[in-house]
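Remarks on the structure that follows.
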Amino acid sequence: MLVQFESKVGGFSMFGDVAISLLKLMGHSGTVPGAILAADIPAALTQLRAGLHAQPEEPEVDETDGQTGEKPEPPVSIHRRAVPLVDLLTRSAQAGSDVIWR
């Protein structure tokens, strides 16, 4: 499942499991579809940043793949995955624009 985030200042898509995790970190229930009013974005952004700060910077990585012996691709941290959402929320707050997701 993909979740589409939209605002008057832009939009993007991300995988549903990551989107729901980020929505919960910003204090939302994690339901899709949903929305946040422009007036509520600064508080949600503060809570999201605090939640991200509590998460480990880099996810744990298995050193080798048990079957091939090769190193797997490193996983992408929640911090990196949050960048587009933090950016959209920041720009939306500055523009006084609501954000919706579906």
Working from Cα positions, state the angle (0 to 90°, nearest 10) between the long axis of helix 41-54 and the longest principal axis of the chain. 20 degrees
Cα-based Rg and Dmax for the chain, where Dmax is the largest Cα-Cα distance (Å): 15.5, 52
Per GNM of the chain with C-alpha springs under 10 angstrom, the most fluctuating residue out of ARG80, ARG49, ARG91 is ARG80
GluC sites (Glu not before Pro) within segment 1-61: which are DSSP loop residues with at most 13 other Cβ atoms inside 10 Å? GLU57, GLU60
Rounded to the nearest 500, what is the chain's calculated 222 nm mean residue ellipticity when only DSSP H runs of at least 4 contribute -39500 (n - 2.57) each, over all residues? -13500 deg cm²/dmol
For the chain, built as a Gaussian network whose Cα springs stay under 10 Å, the top-fluctuating residue of LEU23, LEU85, LEU37: LEU37
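We did not get these values from a lab; they are worked out from the coordinates using the rules stated. Predicted model, so just to flag it, every value in this text is computed and none were measured. Cβ: placed from backbone, ideal geometry, glycine included. Neighbour counts: every protein chain shown.
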